[in-house]
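The values are calculated or read from the model by the stated rules, or taken from the named source; none is laboratory data. In this text the structure is predicted, and so the values were computed from the model without any measurement. All Cβ positions, glycine included, derive from the backbone under ideal geometry; neighbour counts span all protein chains shown. Note: areas computed on protein heavy atoms with side chains; ligands, DNA, RNA excluded. Shrake-Rupley method; radii C 1.70, N 1.55, O 1.52, S 1.80 Å.
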Amino acid sequence: MAATLKCPKCDSLETVKNGIIKDRQRFRCKKCDYNFTVDKLGKGISSYYVIKALQLYIEGVSYREIERLLGVSHVSVMNWVKKYQIKMPDRITHHATYKVMNHKELAEFYADRKNLEGMGMIVTELGDKFMMIKWERFKD
């Protein structure tokens, strides 16, 4: 019975099952006689979460806190930081504080002008909520 997989060597669709190696199905191409197995695909995390996790990391949010906020493993975040060679700024004079709010809470926050004075802040989407990140100077 022919499989519907493409041969990675010659792109032929003429492949057949050819045993099992280390609990993975092995295939053989009838055209070029190449043996291959199919890689496991894994869960696959949306690029949205990868980008969001890296943004939060750059803003100073810890790996474990990113895990709690986004629901992705802190080990995955560490691997992405390593893979994309993300570097933290050398001299950090500020630290980030953040708060997760729904739309109504965010609107109320912006309505009070006192909340907008004297600080840098960024608001980013987190699914159906919003995260406000503010920077405060380290105390000398």
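Excluding same-chain neighbours fewer than eight residues apart, the lysines reachable from residue 52 by a Cα-Cα span under 19 Å are 43, 82, 83, 87, 99, 129, 134. Taken one residue at a time, the phi angles of segment 24-35 give Karplus couplings (6.51, -1.76, 1.60, θ = phi - 60°) of 10, 5, 9, 10, 10, 7, 6, 7, 10, 6, 8, 9 Hz. Gly and Pro are set to x. Note: the chain, Cα convex hull, 173 Å³ per residue. Based on protein heavy atoms only, the chain ends up with 76 Å² per residue of surface accessible to a 1.4 Å probe. Per atom type, the chain shows carbon and sulfur on 50% of its accessible surface, probed at 1.4 Å. Within straight-line reach of residue 9, meaning a Cα separation under 13 Å, sit the following aspartates and glutamates at least 8 residues removed in sequence or on another chain: 33. Helix 74-83 axis versus longest C-alpha principal axis of the chain: approximately 80°, rounded to the nearest ten. Between residue 78 and residue 45, the simple spin-label model (points 7 angstrom out along Cα→Cβ) gives 1.3 nm. Once the Cα atoms of helix 47-58 and of the chain are each reduced to a long axis, what angle between those two axes, in degrees from 0 to 90 to the nearest 10, is obtained? In the chain, helix 47-58 runs at an angle near 40 degrees to the longest axis.
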